[in-house]
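Peer 1: Pasting a structure below so you can have a look.
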Amino acid sequence: METLSNELKALENTLLQASKDSAGKVTRDLVIVQNRLYAQLESLSWLQRRLKIKGQLPPLRGWATSPDVLLRLHAHIMATRPRVIVEFGSGASTLVIADALRQNGVGKLISIEHSDHYGAQTLSTLQAERLEDWVDLRIGDLEAWEGEHLNPEDAEKPSRWYPVSLLESIDNVDLLWVDGPPGATCLFSRYPALPALADKLSSKAEVWMDDTIRQEEKDICERWAKDHGFELEYYPLEKGLGRLTRPGAQAVAPAPMPQTAVAVSDGDAAHPERALGLDFSLPEEQGKDKG
């Protein structure tokens, strides 16, 4: 009986400690989620103050570019005044970039999109804000990519990318913004962006990659930096941002960033809201991966 009593006492202590540990983890996860939401709301507030649009931004949850990245992108464009910008994957970023160009009074955005549906949405938004003159929107279905790729030859999904014909007449690109094609297209789906435009970049060009909390995007950035002589820096934003710059390029002061921004890493640990049963994506986006 004494042995049984001791075992029960030990089990009770174990269960009590497990309960305390679980409660502590839930509390820590709640704090992370709270800080992340606050950081995005703060970034959104700053972004809205900078924009000169009359309507509202598209929803910035789910697969859309997060407010903290859009804030940094808008501030960078207004500070550096690029003449030619190319983006892969249209959406909220198209509107934000076009607004910055209009405020600068100079520059052109060439937006490459694979979806007629999303392309039409983007064009409609631009027209509503009278920003269409600042954007050359080019739409074409993804097709087989024959050039070098990180996607293995025996991969389940073959390499596909935007039609190379959409890149005609592009030259002296000052900023390359990469947020497409969708990650589900194939492994390392965004890799061709820099090889396809390497000889069309200006001497001061920068390359920005969204979603670098994902290992594939990090692998792509590191390969780009190695093969094309760029310096690489990661920013610990909600979904991550990779920035590639020319060695020795003059640094530009970053946009004001929320002090509560939370550095994240890949995997479920970076999304405690899921463990808490929360999902901040739109209903039609849940379970999908466009970007």
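Just so it is clear, none of the values below were taken in a lab; they were calculated from the coordinates. Only a predicted model underlies this, so the values are computations on that prediction, with no experimental measurement involved. When we count neighbours, we look across all protein chains shown, and the Cβ atoms used for this are built from the backbone with ideal geometry, even at glycine.
Peer 1: Explain nothing, just compute: Karplus ³J(HN,Hα) = 6.51 cos²θ - 1.76 cosθ + 1.60, θ = phi - 60°, for every residue of region 150-162 in order, whole Hz, x for Gly and Pro.
Peer 2: 7, 5, x, 4, 9, 5, 4, 10, x, 5, 9, 7, 5
Peer 1: Out of region 96-196, which GluC sites (Glu not before Pro) are coil in DSSP terms and have no more than 14 other C-beta atoms within 10 Å? Numbers along the way, then the final one.
Peer 2: On the way: sites: Glu113, Glu129, Glu132, Glu143, Glu146, Glu148, Glu153, Glu156, Glu168; in loops: Glu129, Glu146, Glu148, Glu153, Glu156, Glu168.
Within region 96-196, the qualifying GluC sites (Glu not before Pro) (loop, at most 14 other Cβ atoms within 10 Å) are Glu146, Glu148, Glu153, Glu156, Glu168.
Peer 1: Residue-wise, which Karplus ³J(HN,Hα) couplings in Hz belong to region 133-148, taking 6.51 cos²θ - 1.76 cosθ + 1.60, θ = phi - 60°, and x for glycine or proline?
Peer 2: 5, 8, 10, 9, 8, 10, 10, x, 4, 4, 9, 4, 9, 9, x, 4
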